[in-house]
Amino acid sequence: KLGLRSPRNDDALLTQRERECLTWAARGKSMEATAMIMGVTPRAVKFHLDNARSNLGAETLPQAVAIALKAGWVA
């Protein structure tokens, strides 16, 4: 059964907002600072980061950032 899964489209793995939040996290910004920069609430940033972590199969935010950096999805 595991071999029957359809391949994932890497371009659609993360939304633009998830990538943006991960980029700021990679630059060391807190959720509050990221929220101010993006003009959203800290809760919205947490939502996007949690979704990104889940979509990447990461257990922690630093792991999600590392995966995204390695894949070239964030700068």
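What full-extension length gain, to one decimal in nm, is calculated for Ser54 and Leu69 as 0.36 nm per residue of separation minus the Cα-Cα distance?
On the way: separation 15, 0.36 × 15 = 5.40 nm, distance 1.58 nm.
Stretched fully, the Ser54-Leu69 segment lengthens by 3.8 nm.
Listed highest first by mean packing, meaning other Cβ atoms within 10 Å per residue, what order do 45-53, 24-32 come in? Please list the in-between numbers first.
Working: 45-53: 19.8, 24-32: 15.3.
Peptide ranking by packing, descending: 45-53, 24-32.
Please give the contour-minus-distance gain from Ile37 to Gln16: 0.36 nm per residue of separation, less the Cα-Cα distance, rounded to one decimal in nm. Present the calculation step by step, with values, prior to reporting the outcome.
Values: separation 21, 0.36 × 21 = 7.56 nm, distance 1.51 nm.
Residue separation times 0.36 nm, minus the Cα-Cα distance, leaves 6.0 nm.
Every read-out reported here was derived from the displayed coordinates using simple, explicitly stated rules and does not represent laboratory data. Because the structure is a prediction, the values reported are computed rather than measured. Here the Cβ is made from the backbone with ideal geometry for all residues, glycine too, and neighbour counts use every protein chain on show.
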